[in-house]
Amino acid sequence: MPEFQTSPGMRDILPPESARWRRFVDVFAQVVEGAGYGQVISPLLEDLGVFQRIGDATDVVTKEMYDFVDKGGRHIALRPELTASVCRAFVQHRPATPWKVWYTGSQFRYEKPQRGRYRQFDQVGIEVLGADDPNLDVEIIALGWEFYRALGLQKVRLLLNSLGEPADRAAYVDALKAYFEANLDALSDESKITLQKNPLRVLDSKRPQDAALVAGAPKIAQFYSEGAAAHFAAVQAGLTSLGIPFTVDTKLVRGLDYYRHTTFEYQGLTLDSAQNALGGGGRYDGLVESLGGPATAGIGFALGLDRTLLACDDEGVFAPPATDVSVFVVDTTGGAEALAITTALRAVGVSADRAYENRSMKSQMKAADRSGAAYAVIIGSNEVEAGVAVVRPLRAERTVNPDGTDGDGTQSTVPRSDLIDHLKKAIS
Ligand code: HAM
């Protein structure tokens, strides 16, 4: 075992998987930039206080934060999510509203690592600040849905809920608290502790002992104000009009404390229930204010890259893209020819690789095969003397002669002065 390895819950993403990660972000950018969202890039670190405003009743803030005091004595945390950072940036820069942004990057939470649950994980997400319109909720939920479709995922379920206005939510929390306290004996010990911190989260309990009690608990819908009920009805009508299927789940409270009105989650049906949230979000009117800004509506979502790729593997979609080069140059004269040819090919947009350390012809041809290149260019001292190069197709059934006509699939000898042009045509 090597002396050093990644620390628990952290992973190296190696090629070709890393190419899939980049494409994931590219596909996401294409979907959301098509809807007017611009990318925001914010620091990995913030003052601890930024994240404490997310709420003190959530494990993400109280138990899972990576925080430390820096050399200047500031109490700093690695970001556990990006919504609070985006709101902090909004308060700091005061951009015009509606401010529509997207982001990507790593988040850090000190969780118990398992498949689909890591201590460093990546998200893509969007946030909109300064618009309180149910049509926006629909747009946002639909963009997430469209993104999963763009990846090719089919086995995704959309869960929807509303937590009402702050006052509705507060009244509901009181009612839940009273209900669970009246039935304390039947509640699991774990849920008794949760009840003290955040009665809403008891609804999240997956323990069989709590199931009957949770099923019989008061429902949030009984507490909606007229405005909250109308907002929620409009969101549902909008989703229906777009043909996006959803399930209203009154137990969907989400793990962060800042939500008001609409909350939603995309579940991957192929994943274990403990890790099946591919992404989620909701409204968080009030978060900007709590960070010192003006009263500002906010809504967004974040989608977990790691988990969504597990779902892609389960469904056999969105495989790692091919990263093979087009041409591999085999040079048995010392390597200077390979340097010149690969440089010239790359300059005209043909990807090219080569071997190093003046290896034998056999070893270089093996490397050419491994590279996945369509063509090998072979240069020895005879070719240098004659001012030519040998072009050998490695995979193609069809080849191109130096005059541009179809070849018979075998190698050809091409004048050095025509080599780059010839390969460019053959590749295209
Ligand atoms: P979240 O539900 O905490 O929401 O995280 C969103 C997604 O990130 C999850 O659905 C999951 O796919 C992924 N995720 C979370 N924790 C882990 C982990 N330990 N390992 C792997 N993946 C994980 C938020 O972060 C909110 N900021 C979303 C939001 C944006 N709400 C409004 N705007």
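The values are calculated or read from the model by the stated rules, or taken from the named source; none is laboratory data. In this text the structure is predicted, and so the values were computed from the model without any measurement. When we count neighbours, we look across all protein chains shown, and the Cβ atoms used for this are built from the backbone with ideal geometry, even at glycine. The accessibility values were calculated without ligands, DNA or RNA, using every heavy atom of the protein model including side chains. Shrake-Rupley method; radii C 1.70, N 1.55, O 1.52, S 1.80 Å.
Only helices (runs of 4 or more DSSP H) whose full extent lies in region 70-189 are considered here, and the ones with at least 3 residues that are within 13 Å of the ligand (Cβ to nearest atom) and at pLDDT 95 or above are 83-93, 134-151.
Restricting region 45-61 to residues that are assigned to a helix (DSSP H, G or I) and in contact with a Gly (Cβ under 9 Å, 6 or more places away or on another chain), which is farthest from Lys112 (Cα to Cα)?
Among those residues, the one meeting the criterion is Val61.
Among residues of region 344-368 that are within 16 Å of Val390 (Cβ to Cβ), those with a beta-carbon under 7 Å from a residue that is among the aromatic types (Phe, Trp, Tyr) at least six positions away or on a different chain give the pairs Arg354/Phe328; Ala368/Phe328.
Yes or no, residue by residue, for (1) modelled with pLDDT of 95 or more; (2) open to solvent by 60 Å² or more (accessible area, probe 1.4 Å):
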{"site": "Ala347", "(1), (2)": "yes, yes"}
{"site": "Gln364", "(1), (2)": "yes, no"}
{"site": "Gly372", "(1), (2)": "no, no"}
{"site": "Ile379", "(1), (2)": "yes, no"}
{"site": "Val390", "(1), (2)": "yes, no"}
{"site": "Leu394", "(1), (2)": "no, no"}
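Within the bounds of region 37-44, is there any residue that is in a loop (DSSP other than H, G, I, E, B), crowded, with 16+ Cβ neighbours inside 10 Å, among the β-branched types (Val, Ile, Thr) and in contact with an Asp or Glu (Cβ under 6 Å, 6 or more places away or on another chain)? No, every residue in region 37-44 fails to be in a loop (DSSP other than H, G, I, E, B), crowded, with 16+ Cβ neighbours inside 10 Å, among the β-branched types (Val, Ile, Thr) and in contact with an Asp or Glu (Cβ under 6 Å, 6 or more places away or on another chain).
Restricting attention to region 67-106, which residues are hydroxyl-bearing (Ser, Thr, Tyr) and open to solvent by less than 60 Å² (accessible area, probe 1.4 Å)?
Thr83, Ser85, Tyr103, Thr104, Ser106
Of all residues in region 221-269, count the ones that are among the aliphatic types (A, V, I, L, M), open to solvent by less than 30 Å² (accessible area, probe 1.4 Å), within 24 Å of Ala170 (Cα to Cα) and at pLDDT 95 or above. Don't jump to the end; show me each part of the working.
So the first thing to find is which residues in region 221-269 are among the aliphatic types (A, V, I, L, M), and the list is 221, 228-230, 233-235, 237, 239, 242, 244, 248, 252-253, 256, 269.
So of that shortlist, the ones also open to solvent by less than 30 Å² (accessible area, probe 1.4 Å) come out as 228, 235, 239, 244, 252-253, 256.
Okay, now just the ones that are also within 24 Å of Ala170 (Cα to Cα), so 228, 235, 252-253, 256.
If we keep only those that are at pLDDT 95 or above too, we end up with 228, 235.
So the answer is 2.
Test Ser205 against the criterion of being out of contact with any strand residue (DSSP E or B) (no Cβ under 6 Å at 6 or more places or on another chain), not in a helix (DSSP H, G or I) and not assigned by TED's automatic domain parsing to the domain that holds Thr62, and give yes or no. Explain how you work it out, then say what you get.
Details: out of contact with any strand residue (DSSP E or B) (no Cβ under 6 Å at 6 or more places or on another chain): yes; not in a helix (DSSP H, G or I): yes; not assigned by TED's automatic domain parsing to the domain that holds Thr62: yes.
Considered against the rule, which asks whether it is out of contact with any strand residue (DSSP E or B) (no Cβ under 6 Å at 6 or more places or on another chain), not in a helix (DSSP H, G or I) and not assigned by TED's automatic domain parsing to the domain that holds Thr62, Ser205 comes out as yes.
For region 292-309, the candidate set comprises residues that are open to solvent by less than 30 Å² (accessible area, probe 1.4 Å) and aliphatic (A, V, I, L, M); within that set, the residue that is farthest from Val101 (Cα to Cα) is Leu309. The set of residues in region 151-176 being more than 30 Å from Ala234 (Cβ to Cβ) and outside the structural domain of Gln267 (by TED's automatic domain parsing) is empty.
Pairing residues of region 9-37 that are modelled with pLDDT under 95 with residues that are open to solvent by 20 Å² or more (accessible area, probe 1.4 Å), at Cβ distances under 9 Å and at least 6 apart in sequence or on separate chains, gives Pro15/Pro320; Pro15/Thr323; Pro16/Pro320; Pro16/Pro321; Pro16/Ala322; Pro16/Thr323.
Results for (1) touching a Ser or Thr at 6+ places or on another chain (Cβ under 9 Å); (2) within 30 Å of Asp12 (Cα to Cα); (3) in contact (Cβ under 8 Å) with a residue 60 or more places away in the chain, shown as yes or no for each residue.
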| site | (1), (2), (3) |
| --- | --- |
| Leu129 | yes, no, yes |
| Leu136 | no, no, yes |
| Tyr148 | yes, yes, yes |
| Leu151 | yes, yes, yes |
| Lys155 | yes, yes, yes |
| Leu159 | yes, no, yes |
| Leu163 | yes, no, yes |
| Pro166 | no, no, yes |
